[in-house]
């Protein structure tokens, strides 16, 4: 009897452990976590100087429509994400927008197009993308794009505030969840300046200052391109990090 009770306790403990995980999906290539009433964070990985770096993106679902901001880093992880969205939400329409042209934002675009996702991108992002076959299938906008989803249940504001991590980086704000996706132009607390290969470090602080004006600066949650999600303190941290570059 004692052995039987121990067995039940172990099974119960394992079950609680699995159910308490913060991730709705966790594989070797993709993690998904709910961060708002309608909004989810996805994390995929890219090799940077021999290290696997986690790359953040988000998606939001309103009614029968979904929007993905930044694809996962490659087609395989993107297919995982799309299958998850399809099986759990059954959207009739999926759209996508990249934060900037780097592969941690656009690496899964081929899989998205094959899946029937409609992709929009800032016109400068399209100019900087290398794969011309994909570029020809992306819908440009300049300089801003506001999207209503689910018969107006949700609105996603996409804005260009200036150069920072790249010349083309935008920010996206999801209503009504009040979530700001800043991508790689926003740093998690304690993060270094990161990859500066295409950066404009002299304008970075000013761009963040521009972003902090209005509703973007009042976000309840801020998602950086890499690292932990936080509040508007991430904007303050990033601005200070690059102030010395002026």
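The values are calculated or read from the model by the stated rules, or taken from the named source; none is laboratory data. This is a predicted model, so every value here is computed, not measured. For neighbour counting, all protein chains shown are included, and Cβ atoms are generated from backbone atoms with ideal geometry for every residue, glycine included.
Assorted remarks:
- The strands (runs of 3 or more DSSP E) found wholly in the stretch 30-120 and carrying at least 2 residues that are at negative phi and free of Cβ contacts under 8 Å to residues at least 12 places away in the same chain occupy 31-34, 51-62.
For (1) under 14 Å from residue 59 (Cα atoms); (2) surrounded by fewer than 22 Cβ atoms within 10 Å (Cβ to Cβ), each residue gets a yes or a no:
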position: 92; (1), (2): no, yes
position: 102; (1), (2): no, no
position: 112; (1), (2): yes, no
position: 122; (1), (2): no, no
position: 134; (1), (2): no, yes
position: 152; (1), (2): no, yes
position: 157; (1), (2): yes, yes
position: 166; (1), (2): no, no
position: 170; (1), (2): no, no
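- Filter result for residue 224 (at pLDDT 95 or above, under 29 Å from residue 90 (Cα atoms) and surrounded by fewer than 20 Cβ atoms within 10 Å (Cβ to Cβ)): no
- Some residue of the stretch 182-193 being over 21 Å from residue 41 (Cα atoms), surrounded by fewer than 19 Cβ atoms within 10 Å (Cβ to Cβ), touching a helix residue (DSSP H, G or I) at 6+ places or on another chain (Cβ under 7 Å) and without any contact (Cβ under 8 Å) to a residue 60 or more places away in the chain: yes
- Flag if residue 162 is in a strand (DSSP E or B), under 15 Å from residue 207 (Cβ atoms) and modelled with pLDDT of 95 or more: no
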